[in-house]
Amino acid sequence: MSITRRDLCLLLPAALVPAALRPANAAAQEGALPSAMYPFEKLPVRTPNNAQIRDVLKGKLATGESLEVHETTLPPGGAPHAAHHHVHSEMWLIREGTVELRVNGTSYRLGPGSVGFVHSNDEHGIKNVGTTPATYFVVAVGPGAGS
């Protein structure tokens with residue numbers, strides 16, 4: 001493809017627009033997570049506190065939010081960490097087993113197919129309260145997700 005001087009002159013003004021004047025989402029889209037697939041068998045496993053964790057993805061969305069997704073399997077009675085809170089929101093998608101999700105002092109029992117959501121800065125913790133391993137996905141969105 002050849003570009004004429006006329007074509008170049010037509011493109012030049014767009015190249016000279018300062019970043020501050022470009023569309024708001026242009027900067028967010030640069031460095032955003034690309035479309036991708038994550039085959040389960042290729043996800044590396046780490047094992048903190050007797051939990052098996054498979055990190056799926058971590059990065060920024062094109063709209064600027066931080067996103068982190070992982071899958072956790074807890075043994076019966078297991079918990080990945082103590083109750084805590086943070087700025088980002090989290091969602092749990094329960095695949096197998098029975099967990100107790102504790103949010104601001106209230107406990108909720110969740111089984112396969114259930115979803116739990118915790119708003120930014122709400123104190124929360126999760127524990128396997130069943131007799132078999134519990135597996136769930138965590139989706140974290142917002143400032144500090146994945147850090």
Checklist line | Failed condition for Y108, given (1) closer than 26 Å to P143 by Cα; (2) in contact with a Gly (Cβ under 7 Å, 6 or more places away or on another chain); (3) in contact (Cβ under 8 Å) with a residue 12 or more places away in the chain | finding: (3)
Check: What tally of residues in segment 91-135 results from selecting those that are touching a Ser or Thr at 6+ places or on another chain (Cβ under 6 Å) and small (G, A, S)?
Finding: 4
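Keeping to segment 33-80, report how many residues are assigned to a strand (DSSP E or B) and farther than 24 Å from V99 by Cβ.
Just the residues of segment 33-80 that are assigned to a strand (DSSP E or B), to begin with: 45-46, 52-60, 66-74.
From what's left, farther than 24 Å from V99 by Cβ: 59-60, 66.
Residues that pass the stated criteria total 3.
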Notebook entry, point to check: Is it the case that some residue within segment 42-61 is buried (at least 18 other Cβ atoms within 10 Å of the Cβ) and among the polar types (S, T, N, Q)?
Noted result: no
Check: So, in segment 90-105, of the ones that are part of a strand (DSSP E or B) and either in contact with a His (Cβ under 6 Å, 6 or more places away or on another chain) or β-branched (V, I, T) (or both), which residue ends up farthest from I53 (Cα to Cα)?
Finding: V103
Next item on the list: For T135, work out the one condition from (1) polar (S, T, N, Q); (2) within 19 Å of Q52 (Cβ to Cβ); (3) part of a loop (DSSP other than H, G, I, E, B) it doesn't fulfil.
Entry: (3)
Next item on the list: Identify all residues within segment 48-63 that are within 13 Å of the chain's Cα centre (by Cα) and of a type outside the set (D, E, K, R); write none if there are none.
Entry: V56, L57, G59, L61
Next item on the list: Examine segment 117-135 for a residue that is closer than 26 Å to P34 by Cα, within 16 Å of the chain's Cα centre (by Cα) and of a type in the set (A, V, I, L, M), and state whether such a residue exists.
Entry: no
Note to self: Show the residue pairs meeting these rules: Cβ distance below 6 Å; 6+ apart or different chains; first residue within segment 121-134 and in contact (Cβ under 8 Å) with a residue 60 or more places away in the chain and surrounded by fewer than 19 Cβ atoms within 10 Å (Cβ to Cβ); second residue not aromatic (F, W, Y) and not in a loop (DSSP other than H, G, I, E, B).
What the structure shows: P133/T73
Item checked: Failed criterion for P44 (all others in (1) over 14 Å from the mean Cα position of the chain (by Cα); (2) closer than 25 Å to Y108 by Cα hold) -> (2)
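Computed from the coordinates by the stated procedures, all read-outs in this text should not be read as laboratory data. Not measured: the values here are computed from a predicted model. Here the Cβ is made from the backbone with ideal geometry for all residues, glycine too, and neighbour counts use every protein chain on show.
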